Amino acid sequence: MNGLPRGQLIRLMKRKLPEPYSVADRMIKMLSLKILKETNRTKRKLSVLGFDELNVLKETDELYEIFEQDCEIALRDVLRLRYEEVLMWLDKKVPSIDEVDELVEMWLTRFLNEPNEQTHYAFKPELIRKRDRAKEAIVAVPTKAQKQLELEKASRYVIQQSAWYIDFASQDAEYQAMKDAGVQKVKWNIYGDDKVCRKCSDLDGEIFLIDKVPPRPHLNCRCWLSLV
């Protein structure tokens, strides 16, 4: 049985858990628009300055500094919002701002600097690698149009990486909120779209102790946890 009182569980079962990726999806959309806006700004600036090597290196470095800052803000917001959202749904008191901030910063440090079990790389070092690869690619191609295309391609890679990690943040915050609320058992649920794989389908409906939840079967997994 879960650690929550039976009466509270019955009330919760009548209330729908907030859509598991609503916060993540909003944040991915907002961050993607920011990244595209900053990329277009850099394209315009380089069109004026010229796409010579020194300008490309300088402006790409500055662009990726902005990417990193925006990604950190998005990850921090998802961790906080999903954690608080699930706790409120569980009728649990949300910790103080300082306590939540401390927890979020601990998560964020791990996300940015430690390898993820799905991607096998840490966010921050990978972003640096993408930056250096983008600079090489932009400098290497001969025409202005090709250089602009390389810059656009680089920004799409950043959006993809950020979207993966925002989903990871949402999943971790959901799990931690349930654990902190005293939930002892959870049910694995598939997301229900046309991208669900066989591995996830086989786990659908399985019940696990909160400390025995298996790792995500693959990258892009959007399964989620609910009460038993």
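The values are calculated or read from the model by the stated rules, or taken from the named source; none is laboratory data. Computed from a predicted structure; not experimentally measured. Reconstructed Cβ throughout: ideal geometry from the backbone, glycine too, with neighbour counts over all protein chains shown. Heavy atoms of the whole protein, side chains included, go into the accessibility calculation; ligands, DNA and RNA do not. Shrake-Rupley method; radii C 1.70, N 1.55, O 1.52, S 1.80 Å.
Structure above, values below:
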read-out: Neighbours by Cβ (under 9 Å, 6+ apart or cross-chain): first from region 107-128, part of a loop (DSSP other than H, G, I, E, B); second surrounded by fewer than 17 Cβ atoms within 10 Å (Cβ to Cβ) and of a type in the set (S, T, N, Q); value: Gln118/Asn220; Ala122/Asn113
read-out: Matching residues, region 93-123, being of a type outside the set (A, V, I, L, M) and surrounded by 18 or more Cβ atoms within 10 Å (Cβ to Cβ); value: Trp107, Phe111, Phe123
read-out: Residue count, region 55-83 (criterion: more than 16 Å from the chain's Cα centre (by Cα) and of a type in the set (D, E, K, R)); value: 5
read-out: Count - residues of region 57-92 that are under 30 Å from Val141 (Cα atoms) and open to solvent by 60 Å² or more (accessible area, probe 1.4 Å); value: 4
read-out: Hits in region 120-147 (condition: small (Gly, Ala, Ser) and within 30 Å of Pro215 (Cα to Cα)); value: Ala122
read-out: Some residue of region 211-227 being hydroxyl-bearing (Ser, Thr, Tyr) and either surrounded by fewer than 11 Cβ atoms within 10 Å (Cβ to Cβ) or out of contact with any strand residue (DSSP E or B) (no Cβ under 8 Å at 6 or more places or on another chain) (or both); value: no
